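Before any comments, here is the structure.
The values are calculated or read from the model by the stated rules, or taken from the named source; none is laboratory data. None of the values given here were measured: they were computed from a predicted structure. Neighbour counts run over all protein chains shown; Cβ positions are idealised from the backbone, glycine included. These accessible areas exclude ligands, DNA and RNA; they are computed on the full protein's heavy atoms, side chains included. Shrake-Rupley method; radii C 1.70, N 1.55, O 1.52, S 1.80 Å.
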Amino acid sequence: MTATVSTTDTPLNASAAPGRIGFGRKAKAYLALTKPRVIELLLVSTLPTMIYAQRGFPSIGLILATLVGGAFAAGSAGAFNCYIDRDIDKLMRRTENRPLVTGEVTPREALVFSWLLGAAAIAVLWFGANPLSAWLGLGAIVFYVVIYTMILKRRTAQNIVWGGAAGCFPVLIAWAAVTNTVQWPAVVLFMVIFLWTPPHYWPLSMRYGEDYRNAKVPMLGAIAGAKVVSVQVVLYAWAMVACSLLMVPAGGAGWVYTVTAVVAGAWFLYQSHALHTRAQGGDVSDTGAMKVFHGSISYLTVLFIALAIDPFVGSRIMGG
């Protein structure tokens, strides 16, 4: 691992750094550090999980505290990631416009911002929800920053498999915020997202394979051929769909969730197999890979919307 830890204020791209940056531009730069699109995706799983755990709507105060605390935790992890990875971000087209590369935010500013946002996340979850959710929030930050960014990302092609577990923590935080415990349904949802991460991210790494190779980051989609990657995508997709159905016996899911899990799962399996077929024929394209990437987002969104609706419609399939 070659991650730099210098806090010098010298920007990586000095020519892009203006002498003085306005408040609006600076604020947008700090926001970009948090990776807001990733936060949006994480929050997609948080509120539905809270509703399902409550079997109804939790209090507005609890919802806000959990969403804000979770967003702060994810934003802190994202900002730490930008700070640590600023040396490779400048080598990739996908990340060359991040604030630490352009010089809109200095390394010292980014590091202070990361710590403050992380502290705020823990405080909001601790006092707005409960200590268990706060500890889980801290665990999510540590897992993403230390386990994924600092240890796995630059060392193994399995980086996103194990490092992606950080993105599974929101369902645990959400369940703990409502119940002050972690029960089997939360574990099942954790595993669904865990198994979803490789077929979600590997097609993206296929699309940006040249970037990762230039930065010497061993993403599977960048270092393995499309035939190998497509097989892994199919295997993980099948495991994910099978795991999603465990919500029936282990989580007390009803018909709304179950039917959605079957239909949405079958659709995503079709997309995954289509990618595999094209890859085996040597006809896979960036467009085909990104179709699976975007399809994975649609799948997860639809699944968790169904999870939120499920307690209000009908009864549980198993267990009354």
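For the residues Val256, Val233, Val263, the requirement of being touching an Asp or Glu at 6+ places or on another chain (Cβ under 6 Å) and either part of a helix (DSSP H, G or I) or surrounded by 15 or more Cβ atoms within 10 Å (Cβ to Cβ) (or both) singles out Val256. The set of residues from segment 16-47 being closer than 30 Å to Leu62 by Cβ, open to solvent by 50 Å² or more (accessible area, probe 1.4 Å) and modelled with pLDDT under 95 comprises Arg37, Val38, Glu40, Leu43.
Under the condition of being over 27 Å from Arg207 (Cα atoms), open to solvent by 10 Å² or more (accessible area, probe 1.4 Å) and within 18 Å of the chain's Cα centre (by Cα), the residues counted in segment 57-106 number 5. Ser272 falls short on exactly one of the conditions (1) hydroxyl-bearing (Ser, Thr, Tyr); (2) in contact with an Asp or Glu (Cβ under 9 Å, 6 or more places away or on another chain); (3) within 27 Å of Arg93 (Cβ to Cβ), and that condition is (2).
Of the residues that sit in segment 128-178 and are open to solvent by 40 Å² or more (accessible area, probe 1.4 Å) and without any contact (Cβ under 8 Å) to a residue 12 or more places away in the chain, which one is nearest to Leu62 (Cα to Cα)? Here the answer is Pro131. Checking each residue in segment 120-131 for being part of a helix (DSSP H, G or I) and not hydrophobic (A, V, I, L, M, F, W, C) picks out Gly128, Pro131. Of the numbered criteria (1) of a type in the set (Ser, Thr, Tyr); (2) free of Cβ contacts under 8 Å to residues at least 60 places away in the same chain; (3) within 15 Å of Met240 (Cα to Cα), the one Tyr299 fails is (2).
Just one of (1) under 30 Å from Phe312 (Cα atoms); (2) touching a Phe, Trp or Tyr at 6+ places or on another chain (Cβ under 6 Å); (3) not hydrophobic (A, V, I, L, M, F, W, C) fails for Arg37. It is (2). Of the helices (runs of 4 or more DSSP H) lying entirely inside segment 40-119, those carrying at least 3 residues that are touching a helix residue (DSSP H, G or I) at 6+ places or on another chain (Cβ under 8 Å) and within 25 Å of Phe190 (Cβ to Cβ) are 60-84. The combined condition, being open to solvent by 30 Å² or more (accessible area, probe 1.4 Å), aliphatic (A, V, I, L, M) and at pLDDT 95 or above, is not fulfilled by Val192. Taking the criterion of being among the small types (Gly, Ala, Ser), buried (at least 19 other Cβ atoms within 10 Å of the Cβ) and over 13 Å from Phe304 (Cα atoms), the residues of segment 244-253 that qualify are Gly251, Gly252. Within segment 270-281, the set of residues being of a type in the set (Gly, Ala, Ser) and either assigned to a helix (DSSP H, G or I) or surrounded by 15 or more Cβ atoms within 10 Å (Cβ to Cβ) (or both) comprises Ser272, Ala274, Ala279.
Return the total of residues in segment 259-276 being farther than 17 Å from Met247 by Cα and among the hydroxyl-bearing types (Ser, Thr, Tyr). Counting residues in segment 259-276 that are farther than 17 Å from Met247 by Cα and among the hydroxyl-bearing types (Ser, Thr, Tyr) gives 2. If you check Val292, Val241, Val284, Val217 for being assigned to a helix (DSSP H, G or I), touching a residue at least 40 places away in the same chain (Cβ under 8 Å) and surrounded by 20 or more Cβ atoms within 10 Å (Cβ to Cβ), only one passes: Val292.
In the condition set (1) open to solvent by 20 Å² or more (accessible area, probe 1.4 Å); (2) farther than 23 Å from Phe57 by Cα; (3) out of contact with any Lys or Arg (no Cβ under 8 Å at 6 or more places or on another chain), Gly314 is compliant with all but (2).
When segment 217-234 is filtered for residues that are under 22 Å from the mean Cα position of the chain (by Cα) and not hydrophobic (A, V, I, L, M, F, W, C), the ones remaining, listed by number, are Pro218, Gly221, Ser230, Gln232.
Anything in segment 73-107 that is under 21 Å from Leu43 (Cβ atoms) and among the small types (Gly, Ala, Ser)? List them, or say none. If the condition is that a residue be under 21 Å from Leu43 (Cβ atoms) and among the small types (Gly, Ala, Ser), then Ala73, Ala74, Gly75, Ser76, Ala77, Gly78, Ala79 are the ones that fit.
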